[in-house]
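Read-outs: derived from the displayed coordinates by stated rules, not from any lab. Note that the structure is predicted; figures quoted are calculated from it, not measured. When we count neighbours, we look across all protein chains shown, and the Cβ atoms used for this are built from the backbone with ideal geometry, even at glycine.
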Amino acid sequence: MDAIAALSEAAPAKINLALHVVGRRTDGYHELETLAVFTQYGDRLTVEGGLRDHFSIHGPYADGLPTDHGNLVVRAREALRRICTGADMAPVSIRLEKNLPVASGIGGGSSDAAAVLRALARHWQLTDSQALAAVAPGLGADVPMCLAARPLLARGAGERIEPVSGLPKLAVVLVNPGVEVSTPQVFSALSSRENPPLQALPGKADFASLLGWLAASRNDLEAPALAIAPVIAESLSALGASGAAFARMSGSGATCFGLYESEHAAKAAAATIRRERPDWFVVATTTG
Ligand code: C5P
């Protein structure tokens, strides 16, 4: 039999362009309303058959990450095995190229879990189209969003997803000042848990109308994250000084994003910030 080539699956970075915390639930989670987009830049997974299950991590942010059940990738693989009992789910070798900083508000671990679900569904030729959606929420609040990996509005704890079309392709710079921020800690530092919801999106948003909409929106997690990690303010200032038309923190931080008029402007801004802050994670990319 011919060897089957390894499957490759992108695990893009998630950006919460806006994130409103609109309520609190009894299970410890918060009710959110968020507009999320995904970037060309991200982690990458490859999956191929093996004699036994194997998982390895490589790349710039691999250091210190667990390769056992402490990693969402392994938990996603096992959750899929549990739910698809009828299918032949032979051992797999999974390789993760970790390009995104961890615990940084751009969904790295959640996007890896979602990517391994998509890759394994292809590798194992799973026919149950509902299996991935059934497994995703139990892996983490952001995993359903990352499974969709396209512009969307998410509500509930993040699992009620509505695809969004008509957003312009965005030129983005991602900046992380090298701090890990704990998501539960940020949520528990929120001063108000019942904030106004998102306004309706403009039907067909060009860059200018999207900027107008963003100006009237918020990331309610930005203030508590800034209180925990004041260096986030420096990232926002660096993005502003580099000519970003808009800058905000993503998710529970600490990664911030800047939006620019053109890819050329984003690349130039990233080069400037990198020169001034060679120890920071700084990437110019576009939304997919
Ligand atoms: O689901 P996940 O493990 O990614 O969530 C991490 C933590 O973030 C939760 O334990 C909770 O403290 C907080 N969270 C929340 N409301 C959400 C999503 C996450 O309070 N909608």
Practice prompt. For residue 160, list long-range residues whose amide hydrogen, built 1.01 Å from N in the peptide plane, is under 5 Å from its own amide hydrogen.
Written response: 155
Item to complete: Based on other C-beta atoms within 10 Å, arrange 183, 26 from fewest to most.
Response: 26, 183
Discussion item. In the chain, once you exclude exposed GluC sites (Glu not before Pro) (DSSP loop, at most 14 other Cβ within 10 angstrom), what's the longest stretch remaining?
Written reply: 1-179
Worksheet item: Under a plain spin-label model, where a point goes 7 Å from the Cα along Cα-to-Cβ, how far apart in nm are residue 29 and residue 182?
Response: 2.1 nm
Practice prompt. With a Förster radius of 35 Å, plug the Cβ-Cβ distance of residue 276 and residue 127 into 1/(1 + (r/R0)^6) and report the FRET value to the nearest 0.05.
Written response: 0.10
Worksheet item: Measuring from centroid to centroid over Cα atoms, what is the spacing of the stretch 1-53 and the stretch 206-255 in Å?
Response: 22 Å
Discussion item. Could you give me D for the chain, from Stokes-Einstein at 20 °C and 1.002 mPa s, where the hydrodynamic radius is the Kirkwood radius over C-alpha pairs? Units µm² s⁻¹, please.
Written reply: 110 µm²/s
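Count neighbours as other Cβ atoms within 10 Å of each site's Cβ, and list the trypsin sites (Lys or Arg not before Pro) in the stretch 23-57 that are DSSP loop with at most 11 such neighbours.
On the way: sites: 24, 25, 44, 52; in loops: 25, 52.
Hits after loop and neighbour filter: 25, 52.
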Item to complete: Could you please rank 74, 102, 283, placing first whichever residue has the fewest other Cβ atoms within 10 Å of its Cβ?
Response: 102, 74, 283
Worksheet entry | 10 °C / 1.306 mPa s Stokes-Einstein diffusion coefficient of the stretch 171-286, Kirkwood radius on C-alpha pairs, µm²/s | 107 µm²/s
